[in-house]
1. So what's the convex hull volume per residue for the Cα atoms of the chain, in Å³?
2. Could you name the aspartates and glutamates in cross-link range of Lys814, using Cα to Cα under 20 Å and dropping any fewer than eight places away on the same chain?
3. For the stretch 344-423, state which chymotrypsin sites (Phe, Trp or Tyr not before Pro) are in a DSSP loop and have at most 12 other beta carbons lying within 10 Å of their beta carbon.
4. Identify all lysines with a Cα-Cα distance to Lys733 below 21 Å; exclude those on the same chain that are fewer than 8 residues away in sequence.
5. Calculate the dipole size of the chain relative to its Cα centre from +1 charges on Lys and Arg beta carbons and -1 charges on Asp and Glu beta carbons; express the result in debye to the nearest 20.
6. Under a cut-off of 22 Å between alpha-carbon atoms, report the lysines in cross-link reach of Lys64, not counting same-chain residues fewer than 8 places apart.
7. At a threshold of 8 angstrom on Cα-Cα distance, excluding pairs fewer than six apart, so keeping six or more, what relative contact order does the stretch 563-677 reach in percent?
8. How large is ³J(HN,Hα) for each residue in the stretch 528-540, as worked out from phi by the Karplus curve 6.51 cos²θ - 1.76 cosθ + 1.60 (θ = phi - 60°), to whole Hz, x for Gly and Pro?
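The values are calculated or read from the model by the stated rules, or taken from the named source; none is laboratory data. No experiment lies behind these values; they were computed from the predicted model shown. We place every Cβ from the backbone using ideal geometry, glycine too, and count neighbours over all the protein chains shown. Protein only, heavy atoms only, side chains kept; ligands, DNA and RNA dropped before computing areas. Shrake-Rupley method; radii C 1.70, N 1.55, O 1.52, S 1.80 Å.
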Amino acid sequence: MTQPAIIVEETHGQPRHMEPVRLGIPLPRGFVADCLHLRLTDEARQTVPVQTRPLALWPDRSCKWVLLDFPVSVPANGKAVFFLQSSGESAPASSPSGDTSHPRLAITRNAATLEVDTGTCRFTLDLEHLPFCASILVGGREYLHPEGIHLSLSGQDGRIVPATIESAVLEEEGPLRCAVLYQGTFRQDSSREVAARFRLRLHFFAGASLMLADCILHNPRPALHSGGLWDLGDPGSFFFRDCSLRLRLNGEVRSLHWQPLPGEGFTTTQDIPWCLHQDSSGGENWDSPNHVDKDGNPTVTFQGYRVLGGGTAVLARGKRATPLVRCLTDHGPLSFGMPHFWQNFPKALRVERQGINIGLFPEESLQSFELQGGEQKRHTIFLDFGPETAASGFSPVLQPLHAAPNPEWVAASGAVSCLVPHEDDPNEHYLDYVGSVIAGDRSFFARRESIDEYGWRNFGDIYADHEAVNHPGPGIFVSHYNNQYDFISGGAFHFLRTGDRRWFELAADLARHVIDIDIYHTDRDKPAYNHGLFWHTDHYKPAQTCTHRGYSAKNAPPGGGYGGGTSNEHNYTTGLLLYHYLTGDEEARQAVLELADYVLGMDDGSQTIFGIVDSGPTGIASQTVSTDFHKPGRGAGNSINALMDGWRLTGDRGYMRKAEELIQRCIHPRDSITALRLDDPEYRWSYLVFLQVLGKFLDLKTELGEADYIFHYARESFLHYADWMTKHETPYKDVLHKVDIPTETWPAHDVRKCCILLYAAKYGPAEREDTYRQKALFFFERCLTDLLSFETSHLARPRILLAVYGWMVAYFQKHPALAIKWQPHLHRFGEPDEFIPQRARFRGTLARQGKIAFREAVRLLRCRFPNLRKRP
């Protein structure tokens, strides 16, 4: 492959010299067996130093996705291109591939400490005790007081909650970049009960004076969610006043300079102590009902930010700050800040004579903070001890280079199935439609302003504007999307086919939100909830005080019967997987595995109260709409997809075995499709989701070269349904009289029918390829035409559906003959069996064995679950 693999652009008007860049990139099968063999060159074909790490492998064990770290020099507003080659021999493990003149990290391990020498700074980290960072030496000068750098948490009463390090590991090691992961707990008053957990990743870069810190505060307790309601104020929440990262200096701050936004110039002040406090987004709707506490009271007090000097004097006011603060200390310069500062309000940057501290959850907000059960939040902070940042007022963290894989390279790699570059897509109407996601006054960026989708809990999520169409009042209607239909994957796919940073920005912001807020990070609730993804907030009702957790007591009708929680029908992993591949983000990897393990846990009958009698599968992983429907539907489809993504990350065949079990549970080559009433869109439309996932399963088995029993079982089942679709399926606009609410989203779902029939053209018999293909393109054309006939066609939900699935069509248009010739097989699949979920099996056992068996079962259950009666 001779075309450039990576394109890097400078868009901030600042020349860059050897600036660190990180990017994941796909590789063709067989391109390189060991990523240490990769050689990166610039446009002049000069070797560039690069650090590599494999993220995914092809079946032949060659590298499929590789994470690259490399330095980039580029003029202001310039562009640099890079080429990848297989060098044929490994670079020494202690040095980066390429130019050996570039600085390298020197890492020294001692019994309880770790020293990281970047060539500019030497950081000494304590691996057992606080502070995390005990020493920073620059030019022989010690920056830190013995109190060093530590994380401080104040409880609701204002008292400091003691922190304990449980583990510290060198998580990532290389010559150009390394990362150290700390994990620990906060416990109040020497209590055994954990108030909160933390994870802190410290990143270091060769030749740089920069330390990047990712800090995560996590409430591991479960919510009580009585009645399936998830409002703020739940007994499982953790309340606190402040959480800050603090640095104590070995000396004093002599002068202070700050700028509110990159490039705006520094303001100098001697008024120390000093604080910049962002209380709200500063936008037009800064006091939106999106920002309320458990009692429904506003959590914001003024628009934008204030700068205080000398403790009380207001030095400046403004609306939106992404500040850079520069301190000149007794031992040299220190600059610090946070990306997405105003977007993740409230935030505070503070300077005192003896040090600095960064308010992640700042006490200046005058509100206590509530971290819900299973909720977490990650913040990114940077500290820079170099004179360049201090002198120029420029930070590569706040104004990063834009790096993207070349779309032609991605398409040629084959690592992303069915992808063609944007420039090769002939569907202009489609491109115009999905292009509105990133540009114009209806873009997702612009729609954030409608409800002020900002703040530490909200930023990154998409406004579910389709839920507000019939909102009668003049006020703001708050509704949250929670990654329905997996827009993260749509944003990632379009980034890969365009290289446009706006697609990646939307996908990355949403990925970080989903990882933190929308996934239920606890293992102390029921298996049907633990580690699951929360639904979008309720249809046509404001979110109220449930935030992003679906169901609020304020919306509950009289008489009960209202509520919910995490669900197999809302479990999306592929976008998080792609985000991990593009960034190497470990939190994204762990989130995918959480959601895959969620499928295993919810279907594990041994973990329920019925397990003592019947430990077989619960059926919760495969049900759709009702507990007794276990045929093709989105519940089973999303479960299978999550399991496949779990396998992609780990190679653990247990995930694939469970996926194959669910396939055989829910579909059969001889299903009576008529009996399933798939022509009832209101309740059975989501069979399309299942078939789309089954198409992905066929792709995966083909990639693995596994034309085994389950492959042929899945293929024949898939084609059985595809044949029914070609004869009976119609565009949804033609059958809107069958649905309760005939919205624009129904014709948007027709894109799913198109994708399924394109898969059928690929996996079906050659003589039916044209039939499948023509029917698929018919649904694609009708999808766009019918959708655009609605005045509401530019709401979030239909645009997401087209963004997530519509890009595949161009590939089949450019490749007119894709049908794979399969050898006949001799497998016999028998007749369909009806799956009976665990509860129904248990009731059947009781009916057969009578009251004696029932009393014995109850006795055994009470022995096994002694607290069964204590929890409502």
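1. Values: hull volume 153.2 nm³, N = 872.
Output value, Cα hull per residue: 176 Å³.
2. Glu408, Glu423, Asp424, Asp425, Glu428, Asp432, Asp699, Glu767, Glu769, Asp770, Glu781
3. none
4. Lys753, Lys775
5. Dipole of the chain, to the nearest 20 debye: 1900 debye.
6. Cross-link targets: Lys696, Lys701.
7. Relative contact order for the stretch 563-677 comes out at 26 percent.
8. 6, 10, 3, 6, x, 9, 6, 4, 4, 5, 4, 4, 6
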